[in-house]
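Have a look at the structure below, then the notes.
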Amino acid sequence: MAVGNSLTARKNTGISAYLTREAVKNQINNVIGGKNGQRFISAIVSAVNNNAALQECTNQSILSGALLGESLNLSPSPQLGQYYLVPFNDRNKGKVAQFQLGYKGYIQLAIRSGQYKKLNVLAIKEGELVRFDPLNEEIEVHLIEDEEAREQAETIGYYAMFEYTNGFKKAIYWSKKKMEAHALKYSKGYQAKKGYTFWEKDFDGMAYKTMLRQLISKWGIMSIDMMSAMDADMAVINDDGTKTYVDNDSDVEIIDMEQSQEEKTESSERGQSAAAALFGN
């Protein structure tokens, strides 16, 4: 998925110009091509132009992460939450884009396997949990019926379960305290508490992802795409295709991902222009 070493970094060339280079065009066409290539280019340029921090990342890391997402048939749209390109500051390599799989990406990949009859992940609110029996994997809850009241209630834990089409079931429950400990152990950015990580911006979303990963990786049937996605999750894809798992690296720092409204309004036109330049439409 990675582009060769001959392709230079983002800091010297804008993403639109970079994507029109012959070597890059060949790389994209080999992986995607045709109308899908046009859509891909529009999406990647839009994603970069919508994110000032991502614009500072190397073009190679952006393209490699995006190509991986495309190969998994996942959307880069932040609104869909299937995967993200997250800017990090690597003190050795400069600013790089990390591939992060969203919990909705896990759900999409599991559904496509055709093996799952049911798949669910849920935050458990204060006062809802009666008991969870880890031996028989049975949960008893009284869910708050009022949706608005439930949304405002404090989260105390997380529950995830699946059932195969053949009837096999598996379920797990984690307290929020256990989830907090997991986040602190595996995310250097969360340990730093600078307010930039997904754990700080969307704790529930990251908790859902963690529950699905724990459940599926240990007991689930995993397609080749699911295994590839799990292997690349939280990684920067290097020039040679190897992966660097930057959030566990003390030499990296997550970068604020806030977007400006002005950048958002201009992104669509830029994406269309880049696609036209690349594919001649």
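Readers should treat all values here as calculations from the given coordinates under stated rules, not as data from a laboratory. For clarity, every value in this text was computed on a predicted model and none was experimentally measured. In this analysis, Cβ positions are derived from the backbone assuming ideal geometry, glycine residues included, and neighbour counts consider all displayed protein chains.
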Q) How about segment 89-185: which GluC sites (Glu not before Pro) there are in a DSSP loop, with at most 10 other Cβ atoms within 10 Å of their Cβ? A) Glu145, Glu154
Q) In the neighborhood of Lys118, defined by Cβ-to-Cβ distances under 12 Å, what is the net charge if each Lys or Arg adds +1 and each Asp or Glu adds -1? A) +2
Q.
Using Stokes-Einstein with the Kirkwood hydrodynamic radius over Cα pairs, what translational diffusion coefficient do you get for segment 25-135 at 25 °C and a viscosity of 0.890 mPa s, in µm²/s rounded to a whole number?
A. 151 µm²/s
Q. Gap in Å between the Cα centre of segment 16-48 and the Cα centre of segment 60-137?
A. 23 Å
Q) What spacing in nm lies between the two simple spin-label points modelled at Ile224 and Asn30, each 7 Å away from Cα in the Cβ direction? A) 1.8 nm
Q. What does the highest-first list of 72-81, 198-207 look like by mean Cβ count within 10 Å?
A. 198-207, 72-81
Q) What net charge do the residues around Asp204 carry, taking every other residue with its C-beta under 13 Å from that of Asp204, with Lys and Arg at +1 and Asp and Glu at -1? A) +1
Q) For Thr242 and Thr13, what does the FRET efficiency come to when R0 = 30 Å and r is the distance between their Cβ atoms, rounded to the nearest 0.05? A) 0.80
Q: Would you list which lysines come within 25 Å of Lys169, measuring only between C-alpha atoms, while excluding same-chain residues fewer than 8 positions from it?
A: Lys104, Lys117, Lys118, Lys125, Lys178, Lys209, Lys218
